[in-house]
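The values are calculated or read from the model by the stated rules, or taken from the named source; none is laboratory data. Computed from a prediction, not measured in an experiment: that's the story for all the values here. As a convention, Cβ positions derive from the backbone with ideal geometry for all residues, glycine included, and neighbour counts pool all protein chains shown. Please note that ligands, DNA and RNA were not included when accessible areas were found on the heavy atoms of the full protein model with its side chains. Shrake-Rupley method; radii C 1.70, N 1.55, O 1.52, S 1.80 Å.
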Amino acid sequence: MKKEVLEKIKKRIEYIEKIVELKNYWNTNSEFIKKITAHYFSFSNSQNYSQNPTHYDNSVQNIMKIEIEQIKEALKKLSNELENTAFIEKYVELLNRQLSINNKLPQQLQYLENLNNYNKNLDVQKLIDNEQIMNVDHNIRSNFLQSIQGIKEILDATSQSLSIIDFFDLLKNRNENLVLIGANGSGKSTFSRRIKNNIKSQFSSFVAVIPAQKTFGIQNNSSIPLKAQAHADFTQSHTHDKLYKDINDMRFANSEFGQMINYLIAEHQEVANNTHKNYSTDGFSKENSILEDVISIWQSIILHIKLDYDGQGNIKAKSESGQEYNFMGLSDGEKNIFYCIASVLLVEKDGYIIVDEPENHLNMSIVNKLWDKLERERSDCQFVYLSHNPSFAIGRTQAKILWIKKYIPPSNWEYIEIPTDDVLPQELIVELVGSKKNILFCEGQKDSYDYKLYSILFKNFTIIPTGGHQKAIDYCKSFNENHALFNLGAIAIIDKDFYETEEITAWNRSKIYTLDVMEVENILCDDEILKHIKSQVHATEKDYNSAKEQIFVKIQESKDKQAMEYTRFKVDKILNSLVGKSSDPEKLKEQLTNEIKQLPPKQFYDEHIQLLDALCTSKNYDETLKHYNNKGMLSFVGDRILKGYKDRVIGFIRECDELQKNILNKYFKDIPNK
């Protein structure tokens, strides 16, 4: 097939070269082009020309304006690529189909050949002098008008073919299914619409475009439609734009689903007539119609409803309770599943299936089940999904994911291939490459105080909660090391816990920062926040003092527990450092035995008890927030000023710009905020 495609490209280049020859002749004699045009038409269509000379003069002028060289260069480039690159067979088939759309090329080549030969012998001076020219070539006499009209027709068809080929440029070396994911406005839907609008009727069954915009109107049939007419109607509406730009668009959009069903019914009737009634006879085997296959797959997805064709041109639905109702009684989601299945099964063997926003109208619990099933059913086809949903993209486990930065028609793609990473989950990578802001990794989840507070304070960042502190550290490092994938920067903020100065300094060099307090909850009990909320809710000075006093009360109640937490942290750190360094089990055992003998847990415990006692003696509230570790302090401190403090403190911070500024200056002044 490759040789066949190359020959078709060669013929088009040859045709364009003849157009160039004709244009050069006209441009050389441009001063007299109207006389030349009048001469052509004087023996080709003199009566029409005399009635409207401007129209025919413009036909010639329009051809002179066509940028033919661009088309020629595009064809040459395509030919060179095809000769020197191993394109996948499906893409070569697409080229072959596109370059076969216009079958008038041999005839038009001959027309142009005749015209160019005639021009070589045409005495322009005689035309200028208004002398009669008698030796008119009979081929020119009858074919000039067809030649002129054919030039535009073939060039338009060639340009359109090249445009479609350009659209598929992304797929020419890819056999796997693709998910093109990107933010709204990145050009995904433009891509699908331009393909749909440029697909010719004889080509549409090889490429299916399942649009994001769908309507599901149908009418009950009083008779069974004819297959040929049903197919023609369906093809016309299926390839039409669904953006509802005018009343015509709305008519096509509203009729497509019904015409699809009409075609399925007509095809079913033909198959049934040919095989169903004779399938028990020797030599006959029952063949499923496309409609039967669509219903079978649909019912494997929707288990509580049964669909059945009534043999009279209509599809009926039946609930689990036995209630029967018309097909239109199905929900939009259920009809959408039917539409998607039918669209996929109607594609020719080895075709392309382009799905815009495949999760539309569907519950996410069904989406993966549906498309997994359809990919298995049509493993011969290549699926290209256009989505902005990271969860859907990751659910396509057999597909390559491309993040589309920008698509400028016809073939200017800016994209990033989403890799698998040992540290960053692929779903997170999809989310991160779409960010237009730098990234801030933090502990917790999206309902945690870390995420809520940092979303207010660090508005120039995309905040990504990671769960634990180690993931925040690892994700930040991996992100900043992957310059080829990410062109932004990342920081991480983690709780201070009991980490020592040496560790904190080393992390800072990797843009990982620790709070100056044990937990983010401690910041929310800051003295200035307490004062602000006190004034807002008109709490008393006694309430304010009592709130701060509670932290010292709780230290006295729990200092043994606090000291043991500190001791375990120190011991675990020492032992873990030994495990990480050793590669021999016997040597590790010896090291652990020696280290355990030397471990001073009592010393660690006493150190922390002394620290807590000193804090209680000094009553230094800010210093205590740095060392006291108790997530419950939002309640036992804050509730003295305002009941439900832990649920309302974030709201007070969000509403006060001055408070936000002061928190940043006090706790985050060494952390970049842009």
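Shown for the stretch 316-431: lysine pairs separated by 8 or more places, or found on different chains, whose C-alpha atoms are under 25 Å apart, numbering 14.
To the nearest 10, the accessible area of D622 is 70 Å² with a 1.4 Å probe.
Each residue was assigned an accessible area with a 1.4 Å probe, and for D639 the value is about 50 Å². Cross-link pairs exceeding 30 Å between alpha carbons, from the set K2/K152; K496/K554; K477/K589; K570/K661: K477/K589; K570/K661. Of the GluC sites (Glu not before Pro) found in the stretch 490-546, those in coil by DSSP whose Cβ has at most 14 other Cβ atoms within 10 Å are E500.
Close amide H contacts of T514 (hydrogens built in the peptide plane, cut-off under 5 Å, sequence separation of 5 or more or a different chain): I494.
Within the stretch 470-520, what whole-number % of the accessible surface is contributed by carbon and sulfur, with the 1.4 Å probe and all protein chains included in the calculation? So the carbon and sulfur contribution to the accessible surface is 46 percent. For the stretch 567-636 versus the stretch 288-324, the spacing of their alpha-carbon centroids is 67 Å. Based on every Cα atom in the stretch 533-669, Rg and the maximum pairwise Cα distance Dmax equal 20.7, 66 Å. Per residue, the stretch 306-417 exposes 42 Å² of accessible surface when a 1.4 Å probe is rolled over the protein heavy atoms with every protein chain present. Look at where the Cα atoms of the stretch 329-364 and of the stretch 64-115 average out, and the two centres are 34 Å apart. On a per residue basis, the stretch 519-674 carries 57 Å² of accessible surface, using protein heavy atoms and a 1.4 Å probe.
Ranked from largest to smallest solvent-accessible area, with a 1.4 Å probe on the protein heavy atoms, S535, S510 come out as S535, S510.
The aspartates and glutamates within cross-link reach of K120, meaning a Cα-to-Cα straight distance under 20 Å and a gap of 8 or more places when in the same chain, are E14, E17, E21, E31, D129, E131, D137. Percent of accessible area on the stretch 73-126 owned by carbon and sulfur, 1.4 Å probe? Carbon and sulfur atoms account for 42 percent of the accessible area of the stretch 73-126.
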